[in-house]
1. Return the whole-Å distance between the Cα centroid of the stretch 77-106 and the Cα centroid of the stretch 667-687.
2. Apply 1/(1 + (r/R0)^6) to the Cβ-Cβ distance of Leu579 and Val257, taking R0 = 60 Å, and write down the FRET efficiency to the nearest 0.05.
3. Which three extents, in whole angstrom, do the alpha-carbon atoms of the stretch 272-347 cover along their principal axes, largest first?
4. Which peptide among 586-596, 613-623, 677-687 comes first, and what is the full order, when sorted by highest mean count of other Cβ atoms within 10 Å?
5. Compute the Cα gyration tensor for the stretch 160-217, then decide on rounded, prolate or oblate, letting a ≥ b ≥ c be the square roots of its eigenvalues: rounded whenever a/c is under 1.5, prolate when a/b is larger than b/c in the other cases, and oblate in all that remain.
6. Kirkwood hydrodynamic radius (Cα pairs, Å) of the stretch 63-107?
7. So what is Rg over Rh here for the stretch 590-635, counting just Cα atoms and using Kirkwood for Rh?
8. Rounded, prolate or oblate: which one fits the stretch 468-512, using the alpha carbon gyration tensor with axes a ≥ b ≥ c (rounded when a/c is under 1.5, else prolate when a/b beats b/c, else oblate)?
Amino acid sequence: MYLGLHIIDWAIIALYILALIAIGRWTQRRASRSTKDFFQADRSFGRGIMGFLNFGNMVSADQAAGVTREIYRQGLQGVWFQNLVLFITPFYWFTSVLQRRARYLAPGDIYEHRFESKFLGGLFAVYLLLASIYGSSIGYLITGKTLQAVMLKPPAAYTMQEKQSVAQFQEMRALDVAAQNGSLADSLKSRLTILHEKERTGQISGTISYLDLVTFYLIYGCVTAAYVIMGGLFAAAFTDVMQGIMIIFLSTILIPVGLMKLGGFSGLHSRISDDMFHLFGSGAGSEYTWWFVATMVLVNLIGLAPRSFTLGGAAKDDNSARVGMITGAFIKRLVMVGWALTGLIAVALYSGTLSDATYIWGTMTQDLLGVGFVGLMIANVLAANMASKASSSLEWSAAFTKNILVPLRPNTSEKTQILVGRIVIFIVLMAGIGFAYMVDDIFVVFKYVLSIGTIIGPSIWLVYFWRRLTTKAVIVQMLLSILITVAVPNIVPTISSLRSLPSLTQTTHGREQQKVVQAKLDDVKHGAASFVGEPITKISREEPTGIYFENVVHANPSDPHSKLQGSGMFRFQIWIIGLTGIDLTAFSKAGLSAISFLFDIIFPFLVLFVMSLFTEQNSERVLREFYARVHTPAMADQELDAIEVRKRVEDSSLIEKDKMFPGTNWEFWKLTKRDMIGFGLCWVGVGAIVLLYIVLTQIGS
């Protein structure tokens, strides 16, 4: 054993990393011929490769661990942490085509061409680089914590400070159980509040690990960068085939072993309260209410506008883009069912015993799998994260190279562009480490990533379908959204006087709710019931939460009378809403998030529509060129494809015939039989997966 892992497990991890480097070296020569090869694989991928590539890009182990974490905290409703994309899947039938038909290489190309603005292209590239730093931090954070849970330090090796940390965590858990059963003495309530604040600020923990997170982040980031830097999208595609198979293994291996330990589905139900099997929350403390999920779906749909021209543009034609994206998406949705079941098993096995719910995947790996399988699981976790980071890192790189470097230095050679692109991949992956180190709550990061998606999502959606959208409107909207969503939320927490301002450190009232439930095994064990199935009263509580800051804690956690101060992101959107006079102290945590998302949805569209109506329209030449692309199906033969686009540029009547509303500024194309059948079948698939969740919750009940 070394640092909590067997030498065989270390050997398996090393072999996996060497295989990635070998693939990167193998594809290096092909990826170095041109930027089109490096970033887009010369638009040569068919349905099969596109399926694996999209699946790998959509799935990462941070999502698997994140879903199980949220289910551990919130029950089955926590699956919406990632599964809100389920309701977006049918729209991929159209967005995949739009990405391919745009025929761009870098993300900002659409702004440079359609809006005749190199400034907008560069601004979008800067946004994308910043967003990628926040997004990559989730992968770092969850992967690191998962491995921390696998590489646990034995109690005999604890320092005195570590022993005290674990003891106080165990004390907090015992008081939590008493509070839930209604037997907590009033004299101990302040002690419980202090311990909860210590947990939130990372001062106490239930486990101690050998793994130092910063060291892991550096190694992990360097390995991920290495093979992508060498082989570009070719390397990402070939590794995604291998990693896709590994991800499916990752998503299923813990289920049969966990169910055997519990005694099957009936054993699962005997240990978990019935409300943990509900797909939507409703009681006190529920963060995934149906209205919150609905707003998350809308904001995610806006944020996932068709703008991935590196990955999305790699398909050889419309059909390859569509089938590849839908296939990859639905495989992910099915895999997510495995993550949900794994999360429920984790609740049954470890409810109330883990200091950090992010440790679940690693803890289950350590407890349920043997030597060799632990190393294989770690390799799978790394594979899943690297698969998504690989393809997305190429998008960041293309954005900087084509939309910032080339406009500033137009004569930069293809060879130099590829070199700079490789350097950018490394820099951005390293920058994500800093944000991962600052933020400890993945749910906070996830909500923030959804919010910043609305900076560019509204203009991308409108650009495809509304000819009247203007350059000045987009510039104003993007600058205002960056101010509200990125600048102020990050600047305010750095100003100590604002962080402790009484008007900004307000909290909600919190809620407490009693409900009658059937007793489970743990209830009998703790003396709250005489037998399993006995009706008992349980108390669910939602602690007061910060309104304008993600967290509001006492300056001295050991002194409940010390000054309050905000920590985490400042929610500027909610502060603006508060100016209307709405009593925000009565809101739940889910309610605050929902109204924040509603602001993110409505505000950008409002600015775009109003500003476009009062500003100058773009040149007719550019508009004809752009919408000729949108209305021309992409073909594998690139010469023939260019000829068909040119026909529509020169004869606008061909476009008008294809429009749903000819003679207007709306550019929706007439739906074909293929469009309608494909879209309808996708919704049937969505319904089937929802039904699958319901069926699984009833087995053994």
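1. 14
2. Numbers: r = 54 Å, r/R0 = 0.89.
For Leu579 and Val257, the calculated efficiency is 0.65.
3. 50, 26, 16
4. Working: 586-596: 19.4, 613-623: 12.2, 677-687: 13.9.
Peptide ranking by packing, descending: 586-596, 677-687, 613-623.
5. On the way: a/c = 2.76, a/b = 2.63, b/c = 1.05.
Taking the square roots of the gyration eigenvalues as a ≥ b ≥ c, the stretch 160-217 is prolate.
6. Working: mean 1/r = 0.0798 Å⁻¹.
Radius from the Kirkwood sum: 12.5 Å.
7. Numbers: Rg = 17.1 Å, Rh = 13.8 Å.
We get a ratio of 1.25 for the stretch 590-635.
8. The shape class here is oblate.
We did not get these values from a lab; they are worked out from the coordinates using the rules stated. All values derive from a computational prediction rather than experimental measurement. Every residue, glycine as well, gets a Cβ built from its backbone with ideal geometry; the counts of neighbours run over all protein chains shown.
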